[in-house]
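What follows is a single structure, written as structure tokens, with notes after it.
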Amino acid sequence: MITHLRGILVHKSPTTAVVDVNGVGYGLAVSLATFEQLPECEAPLNLFTHTYVREDRLELFGFVDQAERELFELLIGVSGIGPNLAQTILSGMSVRELKQAIIDGSAQALTQVRGIGRKTADRLVVELRDRIPSMAQTTPGASEDAGAGGGIYEEATLALVTLGMQMATARKAVEKAAARQTEETETLQGLIKRALREH
């Protein structure tokens with residue numbers, strides 16, 4: 001699983017970006033929100049990524065910050081929302097606006113995005129409402145501006161995902177474990193063990 005790329009931006013469009021990493025060009029699908037924050041071509045760039053794998057599809061999605069990636073991963077976990085629609089949603093609303101609409105239960109605001117009908121908007125609110133506030137809480141060392149890898153908390157989350165947990169579940173387990181702030185949770189191994197027990 002590719003979680004981030006650091007290289008040179010060689011091409012960009014409102015929906016795609018190509019990053020050269022040591023001579024290998026990686027094509028990524030991006031939202032308008034990420035596109036607007038991309039530097040000029042030939043500039044160095046670091047993108048957080050989500051690797052989407054299906055039997056007939058392998059695609060990389062790129063994000064300037066972790067908050068957008070987290071929301072993308074929650075969105076594609078909702079029944080009826082695939083990666084393309086998730087990108088459309090993130091292109092139509094900012095991360096802050098989308099979180100607020102879900103927390104407020106504002107299905108009407110969500111239906112303003114192309115491709116989102118009333119039933120899908122209601123489903124988004126029902127399935128994600130309880131998860132959004134926990135995302136908004138800042139876990140030490142895992143802020144939206146965290147560097148590549150996001151520190152011990154991001155590493156622990158990725159380890160849990162590798163072990164079979166869903167991303168949202170893994171993040172919640174790590175947050176719960178980290179909140180205890182014991183000597184055990186000061187190390188990566190201890191944090192993972194605690195998170196597995198909390199799950």
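The values are calculated or read from the model by the stated rules, or taken from the named source; none is laboratory data. Given the structure is predicted, the values throughout are model-derived calculations rather than measurements. In this analysis, Cβ positions are derived from the backbone assuming ideal geometry, glycine residues included, and neighbour counts consider all displayed protein chains.
Of all residues being of a type in the set (Val, Ile, Thr) and at pLDDT 80 or above in the range 157-191, which is farthest from Arg131 (Cα to Cα)? Just the residue, please. Within the range 157-191, the match that is farthest from Arg131 (Cα to Cα) is Val174. None of Leu74, Leu90 is within 15 Å of Ile132 (Cβ to Cβ), in contact (Cβ under 8 Å) with a residue 60 or more places away in the chain and not assigned by TED's automatic domain parsing to the domain that holds Glu175 except Leu74. Here the strands (runs of 3 or more DSSP E) wholly within the range 1-104 that include at least 2 residues being out of contact with any helix residue (DSSP H, G or I) (no Cβ under 7 Å at 6 or more places or on another chain) and modelled with pLDDT under 90 are 44-54, 57-63.
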